[in-house]
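S.K.: Mind having a look at this structure? Questions to follow.
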Amino acid sequence: MKVWRKNMVAAAILVTVCAGIYINWLYTEDQATASLVDTLDESKLLSEDLLVMSGGVDPAQATETASEYFAAVRLSRQEARDSAVSLLQEAMAYSDTAEAAQSNEKLEQIVQMALCEAQIESLVIAKGYSECVAYISDAGISVAVSSPEGGLQQNDVAVIADIVMTQSEYGMEDIRVVEVP
């Protein structure tokens, strides 16, 4: 009789935990995480490789807005990456060896993309720009850089593009540099 009760309590706990995981999955599935590419306004495209996101903004407010922008993009990128890693780890746990190997390969790609983005961001900041966020997608790479005094010039874009090309396998046509005032 005691064994039956213990098994029943264990089964009830297992069902409760599984139901909680399922409800959490349903809740987070509906929430769309914005990416850097989604936040770019195509109407403000200045040239082929320079996007200016500015308006008549007070310089003190622009600094606050820029730091909020960079923080929001980093958070969005991290949430999307964490969600993908979680799903891949779950798939690896519940799949056969072939599917687990495929999930492991995708997980490795995510880690490599994160390392590449971090290297690009570090090198751009080392070149004297105060803030930078790199976002790699299937379509290419977007690099958002805080606007230096006088705005981004062509030589600034060339320096950033050179960093991206040396740290990744992307060509000039795959790089988009975004100026954030």
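Coordinate-derived values only; no laboratory data. What you are looking at is a predicted structure, and each value in this text was computed from that prediction instead of being measured. Note: ideal-geometry Cβ built from the backbone for every residue, glycine included; neighbour counts use all protein chains shown.
S.K.: Give me the mean projected area, in nm² to one decimal, of the convex hull enclosing the Cα positions of the range 59-168. Mind dumping the intermediate values first?
M.R.: Details: hull surface 31.2 nm².
For the range 59-168, averaging the hull's shadow over all directions gives 7.8 nm².
S.K.: Pull out the extension gain between Ile125 and Thr97, defined as 0.36 nm times the separation in residues minus the alpha carbon to alpha carbon distance; nm, one decimal.
M.R.: Working: separation 28, 0.36 × 28 = 10.08 nm, distance 4.18 nm.
Contour length minus Cα-Cα distance gives 5.9 nm.
S.K.: Could you tell me which of rounded, prolate or oblate describes the range 123-181, using a ≥ b ≥ c as the square roots of the eigenvalues of the alpha-carbon gyration tensor, with rounded for a/c under 1.5 and, failing that, prolate when a/b is larger than b/c and oblate otherwise?
M.R.: Details: a/c = 1.76, a/b = 1.64, b/c = 1.08.
Since a/c reaches 1.5 and a/b is larger than b/c, the shape of the range 123-181 is classed as prolate.
S.K.: Could you work out how far apart the two model spin labels at Ala11 and Ile23 are, taking each label as a point 7 Å from the Cα in the direction of the beta carbon, and quote it in nm?
M.R.: 2.2
S.K.: Taking 7 Å along the Cα-to-C-beta vector as the label spot, tell me the Glu68-Glu90 distance in nanometres, rounded to one decimal.
M.R.: 3.3
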